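Below is one structure, written out as C-alpha cells; comments come after it.
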Amino acid sequence: MTKPLLIQGGHIIDPSQGIDETGSLLITEGKVSWLGKGEETPPQPGYDVLPAKGRIVCPGFIDLHCHLRQPGFEEKETIATGSRAAARGGFTTICCMPNTSPPLDNQATVEFVKSKATTEGVVRVLPIGCISKDRKGEGLAPMGELASAGVIAFSDDGEPAVDSRLMRQALEYSRAFGLPIIDHCEDITLTEGGQMNEGIIATKLGLRGMPAAAEEIMVARDLALAQLTGAQLHIAHVTTEGSVELIRRAKEKGIQVTAEVTPHHLTLTEESILGYDTNAKVNPPLRTRRDIQALIQGLRENVIDIIATDHAPHTETEKLCEFALAPFGISGFETALGSLMSLVHDGQLTLNTLVAKLTYEPAKIIGDKHGKMGTLAIGAPADVTIFDPDMDWVVDTRAFASKGRNTPLAGSMLKGKVMATIFHGEMVYKDGSIKLEAKGK
Ligand SMILES: [Zn+2]
C-alpha cells in the first residue's frame, strides 16, 4: 500500500463541484479521500506532501478525440507512447479514434486496444468504434457488438459519414446503446485535392483550398438527421464561424448535439502555412482570425461544449516532403495546455471555463459507465492534473513522448505548463522540478 499523498495549498478548480479556490487534496489508495479549503490539513496523520502553491490543481484532462495509431501504424504512435504523451499533456482519459488497421469495427480489435491499454498504457484509454464496416461508408459496423465491447461512441473520423441514409441508420441504432455518433463533417466533393483553407492565402501559395462551406454543409445535414432521429450527435473539430452558428441554432431548437474544437483551431490561423510548413497541414484546415473569434465565443456560450486535441501523430519522413504530399495532422497532446493558456492570458477565456472544457464537459458526454471522471469528488478515482499557469517553456519536440513530432509549435515559447499528472492515485508524469516531501507527523 502506498502512502496517502497530500497535494497542498494549490488553486483547486473543479467545475463539477463549483470549486475555484485555494485548498488541499488528499489521495488515499487511488481515490480522492479528503478536500480542504485554505490552510486546512487532513485529520489523519502520515502522508507525503506535494506542495502546489501557485499551481492549478484540477481533475485530470479528458480528450474525446485522439489517434493512437495502434494497431497498424505503430511507426507513427503506439498505445504505450501515445498514452505517455497524453500524461505529459495532463490527460488521464483519452478516447481513441477507430481509423487503425484493421479498424475498430469489431469486438476483437476493440479488445486488443483495451488489453494493450491495460498492459502498456499509463492513462485510461477508451476506444471509439466505427460507424461503418471497414470504414468504407457502405454498411453499418456491428454497433451492438461494439457497444458491448465497451466503445464510448461511434465514428468514421478521418472520413465523414458520406451516405446520409447510413448516417441516419447509425443515429437511429445509437439511441439503443445511449452512445453518441461523432462525425467528421466534410463534403468531400468540395475538398477533393484541397490542402488548406480556401482563400487569398491559398491562392497566393498556389495551393488548392478547402472551403468553409464543405464543413458547414455536412454540419447542417447532420443536425437535420439528429433532429429526425432524436439521437445524440457530436460534431468533431468544428472550425468555422458558420458551423458555430448552425450548432447554436440547433441547440436553441433543442436538438441533442454537442461539439468540440481543437487547440490548434483556437490558436493558429491559415497564415501558419505561409512558409509551406507541412506541420501546419491539418484537416479540417486552420482557418481565419474571424473563425477563431467565433469558436472562442462558441466556447464561452457553451455552443461548443468541449476542447479535444485530435492528436494525430505522423513520422518525420512522412511530413518531410512536398506540401501536397504530406499527410494531414498535428501531434497535439503535449502542447495542448500551453497553447490553450494563451487564450486565458489574453483574457479571452477564464481558467474555470478552460478547465471545464477539458474535464467536466467531456465527462458528461462519456457518462460514468467507465468510472467517475472529470471530478475531484470524494471517492472518485484520483485523476488529477497539476499545472503552472504562468511558467514559460519552449516546445522541444525531441523531448516529446509521442512518436509524432509534427507540430507547427516546435521551438515556440508557451506560457503554462503541466507539472504533474496523477492517474488513479499514481504519478504518471511529473516535471523534473517537482519534489515530494515526506511528512511523518
Ligand atoms: Zn477528423
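The values are calculated or read from the model by the stated rules, or taken from the named source; none is laboratory data. Small disclaimer: the values here were computed from a predicted structure and weren't measured. FYI the Cβ positions are ideal-geometry reconstructions off the backbone, even for glycines, and counts take in every protein chain you see. In case anyone asks, the SASA skips ligands and DNA or RNA and just uses the protein heavy atoms, side chains included. Shrake-Rupley method; radii C 1.70, N 1.55, O 1.52, S 1.80 Å.
Along the three principal axes, how long is the stretch 301-410 when you take its alpha carbons, biggest first, rounded to the nearest angstrom?
Largest first, the stretch 301-410 extends 51, 34, 30 Å along its Cα principal axes.
Compute the length gained on full extension between residue 2 and residue 399: take 0.36 nm times their separation in residues and subtract their Cα-Cα distance, giving the result in nm to one decimal.
Working: separation 397, 0.36 × 397 = 142.92 nm, distance 2.94 nm.
This chain segment gains 140.0 nm when fully extended.
What are the ³J(HN,Hα) values, in whole Hz, obtained from phi via the Karplus relation 6.51 cos²θ - 1.76 cosθ + 1.60 with θ = phi - 60°, for each residue of the stretch 354-369 in sequence order, with x given for Gly and Pro?
Taking θ as phi minus 60°, the curve returns 4, 5, 4, 5, 9, 9, 4, 5, x, 4, 5, 5, 6, x, 10, 4 Hz for the stretch 354-369.
Given a 1.4 Å probe, how much area per residue of the stretch 151-215 is accessible, in Å²?
Per residue, the stretch 151-215 has 43 Å² of solvent-accessible surface.
Roughly what angle does helix 107-120 make with the longest principal axis of the chain, taking Cα atoms, 0 to 90 degrees, to the nearest 10?
30 degrees
Using just the helices of the chain, give the 222 nm mean residue ellipticity in deg cm²/dmol: DSSP H runs with n ≥ 4 each add -39,500 (n - 2.57), and the total is spread over all residues, rounded to 500.
Only helices count here, giving -8500 deg cm²/dmol.
Could you check how much of the accessible area of the chain is carbon and sulfur, as a whole percent, using a 1.4 Å probe?
Ligands and nucleic acids excluded, carbon and sulfur reach 51 percent.
I want to make sure I understand the PRE zone here: with the label point 7 angstrom from the Cα of residue 412 toward its beta carbon, which residues in the stretch 308-340 have backbone N atoms less than 14 Å away?
330-340
Which value in nm describes the separation of the simple spin-label points at residue 31 and residue 138, placed 7 Å from the Cα toward the beta carbon?
5.0 nm
Per residue, how much accessible area does the stretch 298-441 have with a 1.4 Å probe, in Å²? Write down the numbers at each step before the final one.
Values: 5730 Å² over 144 residues.
Ligands and nucleic acids excluded, the result is 40 Å² per residue.
Give the long-range amide H neighbours of residue 132: residues separated by 5 or more places, or on another chain, with amide H under 5 Å away, using H modelled in the peptide plane at 1.01 Å from N.
It is 137, 141, by chain and number.
Find the accessible area per residue for the stretch 1-89; the probe is 1.4 Å, ligands and nucleic acids are left out, and the unit is Å².
37 Å²
What residues qualify as long-range amide H neighbours of residue 47, i.e. H under 5 Å apart, gap of 5 or more or another chain, H built at 1.01 Å from N?
439, 441
Provide the per-residue ³J(HN,Hα) series for the stretch 412-418, in order, calculated from phi with Karplus coefficients 6.51, -1.76, 1.60 and θ = phi - 60°, each as a whole number of Hz, with x at glycine and proline positions.
Each residue's phi maps through the Karplus curve to give 7, 9, 10, 10, x, 9, 5 Hz.
Quick query: amide H of residue 63 versus all other amide H atoms, modeled in the peptide plane; which residues come in under 5 Å with a sequence gap of 5 or more or a different chain?
Long-range HN contacts for residue 63: 93, 94, 95.
Find the percent of Cα-Cα distances in the chain that exceed 41 Å, and round it to a whole number.
12 percent
Within the set 372/417; 37/114; 116/415; 133/364; 3/37, which residue pairs have Cα atoms separated by over 30 Å? All intermediate terms of the calculation are to be shown ahead of the outcome.
Working: 372/417 25 Å; 37/114 38 Å; 116/415 34 Å; 133/364 28 Å; 3/37 22 Å.
Too far apart for the 30 Å limit: 37/114; 116/415.
Convert each backbone phi in the stretch 24-41 into a coupling constant with the Karplus relation 6.51 cos²θ - 1.76 cosθ + 1.60 (shift: θ = phi - 60°), then list the ³J(HN,Hα) values in order as whole Hz, x for Gly and Pro.
So the J values, rounded to whole Hz, are 10, 9, 10, 10, 10, 6, x, 10, 6, 10, 6, 9, x, 8, x, 8, 3, 10.
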